[in-house]
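Quick notes on the structure that follows.
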2 protein chains.
Amino acid sequence: MKIYRKELEKLKVYKPGKPIEEVKRELGLKEVYKLASNEIPFSPLYLRDALTRELKNVSRYPESNCFYLRKVLAKKLKVCGEQIVFGNGSDEVITLALRAFIERGEEVIVSYPTFLIYEIQARIEGAKIRRVPLKDFRYDLDAIARKVTRKTKIIFIANPDNPTGTYLAHKEVEGFLRKIPKRVLVYFDEAYFEFAPNDFPRTAALLKKRGNIIFTRTFSKAYGLAGLRIGYGVASLEVAGILNKVREPFNINRFAQCAALNALQNKNFLKKIISYTQNEKRYLYRQLQVLDISFIKSATNFILVNFKKDTRSLYEYLLGQGIIVRELRSWGLKDFFRVTVGTHKENVKFIQKLAYYLKNS
Amino acid sequence: MKIYRKELEKLKVYKPGKPIEEVKRELGLKEVYKLASNEIPFSPLYLRDALTRELKNVSRYPESNCFYLRKVLAKKLKVCGEQIVFGNGSDEVITLALRAFIERGEEVIVSYPTFLIYEIQARIEGAKIRRVPLKDFRYDLDAIARKVTRKTKIIFIANPDNPTGTYLAHKEVEGFLRKIPKRVLVYFDEAYFEFAPNDFPRTAALLKKRGNIIFTRTFSKAYGLAGLRIGYGVASLEVAGILNKVREPFNINRFAQCAALNALQNKNFLKKIISYTQNEKRYLYRQLQVLDISFIKSATNFILVNFKKDTRSLYEYLLGQGIIVRELRSWGLKDFFRVTVGTHKENVKFIQKLAYYLKNS
């Protein structure tokens, strides 16, 4: 007897990029380069002492409200502490927003293709999904604004976008927001914010003018804390207050709080990561051009490659060579793949193997 | 303009026990004993090397399916790996179950007073709450069975219960389950399982006979990993499959997976904790008897004390002395408090201060 909700029957599950451990296990490989999940290739080892000290508190629940971290982050973002809602990864904030705002049957606007979690979690909440196709691999803000109906509740905007790597600039977003009624929540997922260029939206400033915005950022990408799970959303006092009501107590573990606090204070690591990533991204651009392979210019630490034919056999070949890139079949992009900027050594090997494949296939 | 769901308007928020850091901060105290949140008073320091090794992977997302941990745990529990759903603390499994099973307006049966999260999260999902009072500080299984209607979807049973510390034995639960229709999910929250006596329900065996059961356990209590956030539920393949669909990928951080795996393999720490706790609980029982204070015998690592008058002033006094116990006002038990078994030193100080208060108030 089926006792679960009918929405869940046909629900597709998010398929994450293959973990390094799994590929090693399955293929019996010793060295595996993972260029699949937009992680930075360096772990913040400077955290060692702080985390070792935190171990003595591990039998105790974490601070439910992230007291110290909230204080430091609020100051940095120039917002009020109560405007912040922390999530077990910024993904959790997506779920919190949907749970707090969606009545069954209300509409959520997502672009397509984009980050898949918006749609999966919105379906779980019983929302009707309205998809707006990308235009030239960018979010089509005019089409999104036209798609708003009286039933629209949330518009999700990944900025910079994943998997395209393109971004919307401040002026575009500002103009767009003027067209959106205040009863609609505009959700900016800024997971790759730290990699983005100067004309990127100043979302905190836009939020001051309009209450119907939430933006989320994460410690998983540029800060190198994907393994610890911590991200956050910033919204009006009212919206953040509601999200914090829905949030479970203790959702942010102790090590994540400790690491994020230290990460905010260590500007050096972040700076190095950003500059390393930009240099290596340029290296990859150049090499792809040499191989005459199309790609989309990216405001992030990954590149969407337009392979112009089915990538399945390339993907399998690279996997066998210990290189994991991201297939985009689930996004409907079977002729594309996504590659994360790795270490120089990883990027060189990726290009070598790609060149070898092109020559011999 | 209110754009959030109306269920959330009057929602009460779970108020966690005060963290040690907060009390130190607020009262300017250097030494604070926290006997408020049913944590064990020793951190599993044997994890140090394993966690230090894991730091080098921290920029990488965790295994979304907890591959290694699932394997070891399934073997230990003698269930199939796919029957397990891991949560960011076992609390998260409560939310997953509600999101997966509750259509707005369906009914959830909870006892009262009991662990508050069931009711809070069920309200968020738009469920109708049916409360069944405890009987002599125990779950009243007959009354619960009678409360089932055609709209009932989930029955929550904390076993052992929190905050009473009482438990239901195997035979009671077995008899109860026979009365419950298979379209109702019976949710056993066994967070304190490791402390419970021999006639505790063999829930995994009961699950083999009936598919409409889920039981959850946690690494937060006896294993001493509350700060890391990891718990799990075990259910039929069908139910677990659905919960894993609703679960966000990467909900269990790397350190939690690594620590839980090591914890399952270190039987010594667990054994010591259980025996220490039993000894100290007996010490507290004896001392409370000497002070002529009533309490409920507990199958857990905490004791519900019946103070027989409002505990507010006692609570404030103990707090000023650097001892945090748990007020139970939010449970409607203003004449009771809950005290966690601490270290011997902590327990002695608690008894001393309690005795002093009684003499001088």
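The values are calculated or read from the model by the stated rules, or taken from the named source; none is laboratory data. Just so it is clear, the model here is predicted, and its values are computed rather than measured. With ideal geometry, Cβ positions are generated from the backbone for all residues, glycine too; neighbour counts draw on all protein chains shown. Quick note on the areas: whole protein, heavy atoms, side chains included, nothing else; ligands and nucleic acids left out. Shrake-Rupley method; radii C 1.70, N 1.55, O 1.52, S 1.80 Å.
Among residues belonging to the stretch A:309-327 that are open to solvent by less than 20 Å² (accessible area, probe 1.4 Å) and over 13 Å from A:K34 (Cα atoms), point out the one that is farthest from the chain's Cα centre (by Cα).
Here the residue is A:L314.
Can you tell me how many residues within the stretch B:149-176 are part of a loop (DSSP other than H, G, I, E, B), crowded, with 18+ Cβ neighbours inside 10 Å and not acidic (D, E)? Can you show your working first?
Our first condition is that a residue be part of a loop (DSSP other than H, G, I, E, B); within the stretch B:149-176, this holds for B:149-151, B:159-169.
Filter once more, so that each one left must be crowded, with 18+ Cβ neighbours inside 10 Å: B:159-168.
Among the residues that remain, those that are also not acidic (D, E) are: B:159-160, B:162-168.
The qualifying residues number 9.
Looking at the structure I just gave you, is A:A226 within 14 Å of chain B (Cβ to nearest Cβ), over 26 Å from A:P201 (Cβ atoms) and hydrophobic (A, V, I, L, M, F, W, C)?
Numbers: within 14 Å of chain B (Cβ to nearest Cβ): yes; over 26 Å from A:P201 (Cβ atoms): no; hydrophobic (A, V, I, L, M, F, W, C): yes.
Against the criterion (within 14 Å of chain B (Cβ to nearest Cβ), over 26 Å from A:P201 (Cβ atoms) and hydrophobic (A, V, I, L, M, F, W, C)), A:A226 does not qualify.
So, A:P163, is that one away from chain B (no Cβ under 14 Å), closer than 20 Å to A:I120 by Cα and touching a residue at least 60 places away in the same chain (Cβ under 8 Å) or not? If you could, list the steps in order and put the result at the bottom.
Details: away from chain B (no Cβ under 14 Å): yes; closer than 20 Å to A:I120 by Cα: yes; touching a residue at least 60 places away in the same chain (Cβ under 8 Å): yes.
Yes; evaluated as a whole, the condition is true for this residue.
Of all the residues that make up the stretch B:258-297, how many are over 19 Å from B:F42 (Cβ atoms) and of a type in the set (G, A, S)?
1
Grab the helices (runs of 4 or more DSSP H) fully contained in the stretch B:237-321, keeping just those with 3 or more residues being within 13 Å of chain A (Cβ to nearest Cβ) and touching a helix residue (DSSP H, G or I) at 6+ places or on another chain (Cβ under 8 Å).
Details: elements: B:237-246, B:254-265, B:267-290, B:312-320.
Qualifying helices (runs of 4 or more DSSP H): B:237-246, B:254-265, B:267-290.
Among A:E26, A:E31, A:E7, which is the only one that is open to solvent by 70 Å² or more (accessible area, probe 1.4 Å), assigned to a helix (DSSP H, G or I), more than 7 Å from every other protein chain (Cβ to nearest Cβ) and not aliphatic (A, V, I, L, M)?
Numbers: A:E31 fails: assigned to a helix (DSSP H, G or I); A:E7 fails: open to solvent by 70 Å² or more (accessible area, probe 1.4 Å).
Of the residues listed, the single one that is open to solvent by 70 Å² or more (accessible area, probe 1.4 Å), assigned to a helix (DSSP H, G or I), more than 7 Å from every other protein chain (Cβ to nearest Cβ) and not aliphatic (A, V, I, L, M) is A:E26.
Going by the conditions given, is A:L11 touching a residue at least 12 places away in the same chain (Cβ under 8 Å), in contact with a Ser or Thr (Cβ under 7 Å, 6 or more places away or on another chain) and not assigned by TED's automatic domain parsing to the domain that holds A:I117? Steps first, please.
Details: touching a residue at least 12 places away in the same chain (Cβ under 8 Å): yes; in contact with a Ser or Thr (Cβ under 7 Å, 6 or more places away or on another chain): no; not assigned by TED's automatic domain parsing to the domain that holds A:I117: yes.
The answer is no for A:L11.
If I filter the stretch B:106-113 for residues that are touching a Lys or Arg at 6+ places or on another chain (Cβ under 9 Å) and of a type in the set (S, T, N, Q), do I get at least one hit?
Yes, the stretch B:106-113 contains a residue that is touching a Lys or Arg at 6+ places or on another chain (Cβ under 9 Å) and of a type in the set (S, T, N, Q).
Please work out which residue is nearest to the other protein chains (Cβ to nearest Cβ), limiting yourself to the stretch A:124-145 and to residues that are out of contact with any helix residue (DSSP H, G or I) (no Cβ under 6 Å at 6 or more places or on another chain) and among the charged types (D, E, K, R).
This residue is A:K128.
Regarding A:R210, is this residue at pLDDT below 95 and not aliphatic (A, V, I, L, M)?
yes
Within the stretch B:34-45, is there a residue that is more than 7 Å from every other protein chain (Cβ to nearest Cβ) and surrounded by fewer than 22 Cβ atoms within 10 Å (Cβ to Cβ)?
Taking every residue of the stretch B:34-45 in turn, none turns out to be more than 7 Å from every other protein chain (Cβ to nearest Cβ) and surrounded by fewer than 22 Cβ atoms within 10 Å (Cβ to Cβ).
Within the stretch A:98-111, take every residue that is more than 16 Å from the chain's Cα centre (by Cα) and small (G, A, S) and give me the one that is nearest to the other protein chains (Cβ to nearest Cβ).
The first filter runs over the stretch A:98-111 and keeps only residues more than 16 Å from the chain's Cα centre (by Cα), leaving A:98-109.
Among the residues that remain, those that are also small (G, A, S) are: A:100, A:105.
Values: A:A100: 5, A:G105: 11 Å.
Ranking the qualifying residues of the stretch A:98-111, first place goes to A:A100.
Mind counting the residues in the stretch A:286-308 that are over 27 Å from A:K272 (Cα atoms) and either modelled with pLDDT under 95 or open to solvent by less than 100 Å² (accessible area, probe 1.4 Å) (or both)?
5
Criterion first (closer than 17 Å to B:A226 by Cβ and β-branched (V, I, T)) does A:V23 satisfy it? Break it down into steps so the answer makes sense when it comes.
Numbers: closer than 17 Å to B:A226 by Cβ: no; β-branched (V, I, T): yes.
In short, no.
Counting only residues that are open to solvent by 20 Å² or more (accessible area, probe 1.4 Å), among the acidic types (D, E) and in the same structural domain as A:L237 (by TED's automatic domain parsing), give me the strands (runs of 3 or more DSSP E) lying completely in the stretch A:58-143 with at least 2 of them. Walk me through it before giving the result.
Details: elements: A:84-87, A:107-112, A:128-133.
Passing ranges: none, list empty.
Could you check, for the stretch B:197-210, whether at least one of its residues is closer than 18 Å to B:P62 by Cα and either open to solvent by 30 Å² or more (accessible area, probe 1.4 Å) or in contact with a Leu (Cβ under 7 Å, 6 or more places away or on another chain) (or both)?
Just the residues of the stretch B:197-210 that are closer than 18 Å to B:P62 by Cα, to begin with: none.
No, because not a single residue in the stretch B:197-210 is closer than 18 Å to B:P62 by Cα and either open to solvent by 30 Å² or more (accessible area, probe 1.4 Å) or in contact with a Leu (Cβ under 7 Å, 6 or more places away or on another chain) (or both).
Has the stretch B:213-224 got any residue that is in a loop (DSSP other than H, G, I, E, B), within 20 Å of B:G17 (Cβ to Cβ) and open to solvent by 10 Å² or more (accessible area, probe 1.4 Å)? Spell out the reasoning first.
Taking the stretch B:213-224 first, the residues in a loop (DSSP other than H, G, I, E, B) are B:219-224.
Filter once more, so that each one left must be within 20 Å of B:G17 (Cβ to Cβ): B:219-224.
Going one step further and asking which of them are open to solvent by 10 Å² or more (accessible area, probe 1.4 Å), we end up with B:221, B:223.
Yes.
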